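A.B. asks: First, the structure itself, so that you have it in front of you.
Each reported figure results from applying straightforward, stated rules to the coordinates on display, with no laboratory input. On a predicted model such as this, the values are computed, not experimentally measured, just so you know. Here the Cβ is made from the backbone with ideal geometry for all residues, glycine too, and neighbour counts use every protein chain on show.
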């Protein structure tokens with residue numbers, strides 16, 4: 001039995017983790033952040049990095065620290081029914097509701113739209129996403145090594161292309177960094193960047209990917225909890241370092257592009273126009289090919305993972321039926337367009353992210369309160385009461401809908417009483433307070449309470 005791994009082993013696992021997290025969709029968010037943040041770029045980037053790479057890193061560690069078999073097992077510490085509901089919502093969010101349709105929409109916006117005239121953009125999206133998700137469905141129904149092989153070629157290909165592009169941005173910026181484009185970035189760039197990092201969905205995905213990393217470490221002969229955690233930390237540092245460099249570079253690209261390229265609704269056109277600016281049509285074609293193939297492999301992985309998970313929940317429904325259904329659903333949602341997909345996902349992420357973060361916190365703090373279920377339930381319930389309001393409020397604000405009669409007083413109450421509510425962190429202090437209160441009660445009333453546990457099906461692999 002090994003107690004530690006060599007540096008090369010940490011690096012291999014770290015690169016694998018980076019590949020799991022990194023999708024072409026992640027490229028668009030730091031570009032948008034850079035364009036909108038302007039001269040307040042750096043505080044915005046720091047906030048973005050906390051949620052974009054810091055929380056995914058904690059998610060990986062939480063899965064290793066908990067000793068749980070999978071996300072459903074871990075979240076069932078609150079209640080078995082909650083474990084199923086939360087895990088299902090998470091899979092649907094990083095799957096056919098948002099992340100999978102986003103792969104098709106990003107591939108189109110970056111790879112195809114620059115070659116399509118304005119009058120045919122929507123029909124072009126329909127035709128492209130139809131082909132894209134038919135191929136996704138076919139390869140998800142017929143897994144083949146070609147997908148893995150293409151992925152192994154694409155990851156370094158994307159990194160090399162990005163490295164060259166970002167080097168050009170540093171050596172010869174497109175223009176000067178301008179003023180912030182929105183009030184949120186003018187007065188609260190750090191917190192705006194913090195919530196923008198939710199869009200990567202990587203913190204949610206980390207609760208799924210964590211088991212893949214832990215199993216990879218175990219497969220290399222490390223079986224002790226301390227050894228697994230140590231390996232996960234070092235591998236996580238490798239993965240998040242790569243992600244951080246890319247996020248910072250693309251955000252800087254976005255900030256320096258506004259003067260020359262103008263302001264865009266999302267980061268897709270920023271990258272495609274930057275490629276044309278520096279490398280001409282050849283650069284655009286190269287970017288298009290790599291992004292489309294990268295999005296395709298990501299789409300296949302997400303559809304496969306969702307199909308496998310829901311087949312374990314509903315074994316009477318075949319895996320193939322779930323693949324067909326999720327592919328068709330992803331195709332339908334993709335045709336709403338990238339900007340709409342992003343806008344509709346934000347309220348859901350404002351609801352889910354606090355619940356995911358609280359689960360991570362509880363996982364690390366669990367030994368202090370003897371793993372009492374009451375602490376899990378109370379903290380999650382408080383987070384739910386606040387995050388569900390945040391989600392509805394964000395939806396109303398994004399789509400300019402007036403608050404419902406019963407809803408407005410709740411928002412006003414939260415705004416008046418909860419610290420950091422306007423910054424999207426109104427749930428944090430109440431949750432910490434309830435953890436302390438119920439944790440003390442648990443220590444006094446149940447000093448020797450055994451660790452909570454639950455039974456659930458194994459988490460499917462996303463490979």
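A.B. asks: Would you calculate the separation in nanometres between label points at residue 260 and residue 241, each defined as 7 Å from the Cα along the Cα-to-beta-carbon direction?
C.D. replies: Result: 3.0 nm between the two label points.
A.B. asks: Let me ask something else. Assuming a ≥ b ≥ c are the square roots of the Cα gyration tensor eigenvalues, decide whether segment 1-84 counts as rounded (a/c under 1.5), prolate (otherwise, with a/b larger than b/c) or oblate. Mind dumping the intermediate values first?
C.D. replies: Values: a/c = 2.59, a/b = 1.43, b/c = 1.81.
It is oblate, given that a/c is not under 1.5 and a/b is not larger than b/c.
A.B. asks: What ranking do 196, 423, 402 get, fewest neighbouring Cβ atoms within 10 angstrom at the top? Before the final figure, lay out each step's value.
C.D. replies: Details: 196 24, 423 16, 402 8.
Final ranking by Cβ density, sparse to dense: 402, 423, 196.
A.B. asks: Quote to one decimal, in nm, the extra length available between residue 440 and residue 84 on full extension: 0.36 nm per residue of separation minus the C-alpha distance between them. Don't jump to the answer; show the numbers that get you there.
C.D. replies: Values: separation 356, 0.36 × 356 = 128.16 nm, distance 2.86 nm.
The span from residue 440 to residue 84 would gain 125.3 nm if fully extended.
A.B. asks: Kindly identify segment 340-454 as rounded, prolate or oblate by the Cα gyration tensor criterion: order the square roots of the eigenvalues as a ≥ b ≥ c, call it rounded if a/c is under 1.5, otherwise compare a/b with b/c, prolate if a/b is larger, else oblate.
C.D. replies: Details: a/c = 3.16, a/b = 2.08, b/c = 1.51.
Verdict is prolate for segment 340-454.
A.B. asks: Given the DSSP H assignment, sum -39500 (n - 2.57) over each helix run of at least 4 residues in the chain and divide by its residue total; what's the result at 222 nm in deg cm²/dmol, nearest 500? The partial results should precede the final answer.
C.D. replies: Values: 19 runs with 334 residues, N = 463.
The helix contribution divided over the chain gives -24500 deg cm²/dmol.
A.B. asks: In degrees, nearest 10, range 0 to 90: what is the angle between the Cα axis of helix 428-445 and the longest Cα principal axis of the chain?
C.D. replies: Between the helix axis and the principal axis of the chain, the angle is about 20 degrees.
A.B. asks: Output the relative contact order of segment 340-454, whole-number percent, from Cα pairs under 8 angstrom with separation of 6+ residues. Spell out each step's value before the answer.
C.D. replies: On the way: 113 pairs, mean separation 45.0, N = 115.
The value is 39 percent.
A.B. asks: A further question on this structure: For the Cα atoms of the chain, what angle does the longest principal axis make with the long axis of helix 7-21, in degrees from 0 to 90, nearest 10?
C.D. replies: On a 0 to 90 degree scale, this one is about 70.
A.B. asks: Which percent of Cα pairs goes in each bin when the distances of the chain are cut into 10 angstrom slices starting at zero?
C.D. replies: Answer for the chain: a P(r) of 4, 20, 31, 28, 14, 3, 0 percent.
A.B. asks: Taking 0.36 nm per intervening residue step and subtracting the Cα-Cα distance, what contour gain separates residue 224 from residue 170 on full extension? List each step's numbers first, then the result.
C.D. replies: Values: separation 54, 0.36 × 54 = 19.44 nm, distance 4.45 nm.
So the chain would gain 15.0 nm between residue 224 and residue 170.
A.B. asks: Need the C-alpha centroid separation for segment 19-33 versus segment 47-112, integer Å.
C.D. replies: A separation of 15 Å, based on Cα centres.
A.B. asks: Quickly work out the residue 286-to-residue 317 label distance, labels modelled 7 Å from Cα along the C-beta direction, and quote it in nm with one decimal.
C.D. replies: Taking the simple label geometry, residue 317 and residue 286 are separated by 4.4 nm.
A.B. asks: While we're here: Can you pull the one-decimal nm distance between simple spin-label points at residue 4 and residue 413, each 7 Å off the Cα toward Cβ?
C.D. replies: The two pseudo-label positions are separated by 5.3 nm.
A.B. asks: How high is the relative contact order of the chain? Use alpha-carbon pairs under 8 Å, at least six apart in sequence, and give a whole percent. Don't skip to the answer; put the middle values down first.
C.D. replies: Numbers: 704 pairs, mean separation 144.0, N = 463.
31 percent.
A.B. asks: Taking Cα atoms, how many degrees apart are the long axis of helix 338-365 and the longest axis of the chain, rounded to 10 and kept between 0 and 90?
C.D. replies: Tilt relative to the chain: about 30 degrees.
A.B. asks: Something else about it: Using only alpha carbon positions, build the gyration tensor of segment 299-344, then give the equivalent ellipsoid semi-axes as the square roots of 5 times its eigenvalues, largest first, whole angstrom. Walk me through the intermediate numbers first.
C.D. replies: Values: eigenvalues 114, 18, 15 Å².
Equivalent ellipsoid semi-axes, largest first: 24, 10, 9 Å.
A.B. asks: Please compute the alpha carbon radius of gyration of segment 318-396, then divide it by the globular-protein estimate 2.2 N^0.38 Å. Two decimals is fine. Write down the numbers at each step before the final one.
C.D. replies: Working: Rg = 17.4 Å, N = 79, 2.2 N^0.38 = 11.6 Å.
Cα Rg divided by the expected 2.2 N^0.38 Å: 1.50.
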